[in-house]
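*Asks:* Please read through the structure below; I'll follow up with questions.
The values are calculated or read from the model by the stated rules, or taken from the named source; none is laboratory data. None of these values were measured; they are calculated from a predicted model. With ideal geometry, Cβ positions are generated from the backbone for all residues, glycine too; neighbour counts draw on all protein chains shown.
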Amino acid sequence: MPILRALDGRSQPASAAQVLRVAEQGTAAGIRRALDRLSAHGVCFREELGGRALYSLNYDHVLYRAVRATLDANHTFLRDLRKSIAEWTPPPISAVLFGSAARHDGGIASDIDLLLVRPAMSHTELERGWARQVHALRGDVFRWTGNHVQIVDWTESAVRRFAARREALVDEMVGDGITLAGTSLLRLLEQDAKPRSFRRSLR
């Protein structure tokens, strides 16, 4: 997939070395072997120019639609996640995807990290409404991705408390987080009494 992503949208064919630089993973020999296999199946075109093998993606191949769907998987996941959370009652004050899923550097065994900042509610509302929504989301994410989700379920006061302690996890959420619903975490924390001191701590 890093190879296909590196080739997708290029206006000119690329060498294996160019693909390696864009993909930022693998080895030159491994990239070259993978490109030759893709070319053998017709997914890529291979041409010789000046003694170099150059590769380009075959957009007319019957498998390109599957390739396109796979390349768009992250976008599709975020769309489905936002849609699911948008239907919650009550909705979260903030929902933030963070960690490797937000940075796009996780592996097949990586957990998907999600912060949910819940509104004030009674114990009954927490058990009958909120907890059921959280449980349903865990199942949805696993069906959509095959990965387990790690949910950090905090109240707004807990978020502010951990931020005041300069917890590294909060810095990660602010730095890499993708807001899925509600208020962004940074804006939420800027509403604190000392927003400037918090922002300086993130630099």
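*Asks:* Tell me the residue from 81, 57 that is touching a Gly at 6+ places or on another chain (Cβ under 9 Å) and either modelled with pLDDT of 95 or more or closer than 25 Å to residue 140 by Cβ (or both), please.
*Replies:* On inspection, the qualifying residue turns out to be 57.
*Asks:* Still on this model: Would a scan of region 114-121 turn up a residue that is over 30 Å from residue 5 (Cα atoms) and in a helix (DSSP H, G or I)?
*Replies:* Checked region 114-121: no residue is over 30 Å from residue 5 (Cα atoms) and in a helix (DSSP H, G or I).
*Asks:* Kindly indicate the residue of region 165-186 that is of a type in the set (A, V, I, L, M, F, W, C) and touching a residue at least 24 places away in the same chain (Cβ under 8 Å) and also surrounded by the fewest Cβ atoms within 10 Å (Cβ to Cβ) among those meeting that condition.
*Replies:* Among those residues, the one meeting the criterion is 178.
*Asks:* For region 1-113, which strands (runs of 3 or more DSSP E) that fit wholly inside it have 3 or more residues that are surrounded by fewer than 12 Cβ atoms within 10 Å (Cβ to Cβ)? Spell out the reasoning first.
*Replies:* On the way: elements: 44-49, 52-57, 94-98.
Result: 44-49.
*Asks:* Same structure again: Hey, can you tell me all the residues within region 107-130 that are at pLDDT 90 or above, of a type in the set (A, V, I, L, M, F, W, C) and farther than 17 Å from residue 89 by Cβ?
*Replies:* Of everything in region 107-130, those that are at pLDDT 90 or above, of a type in the set (A, V, I, L, M, F, W, C) and farther than 17 Å from residue 89 by Cβ turn out to be 112, 114, 115.
*Asks:* Could you grab the pairs with beta carbons closer than 9 Å, sequence gap of 6+ or different chains, first residue in region 129-155 and outside the structural domain of residue 101 (by TED's automatic domain parsing), second one part of a strand (DSSP E or B)?
*Replies:* Correct list of pairs: empty, since none qualify.
*Asks:* Taking residue 38, is it under 14 Å from residue 3 (Cβ atoms) and touching a Cys at 6+ places or on another chain (Cβ under 9 Å)? Outline the logic, then answer.
*Replies:* Details: under 14 Å from residue 3 (Cβ atoms): yes; touching a Cys at 6+ places or on another chain (Cβ under 9 Å): yes.
For residue 38, the condition - under 14 Å from residue 3 (Cβ atoms) and touching a Cys at 6+ places or on another chain (Cβ under 9 Å) - is met.
*Asks:* What number of residues within region 87-113 satisfy the criterion of being of a type outside the set (D, E, K, R) and farther than 30 Å from residue 2 by Cβ?
*Replies:* 7
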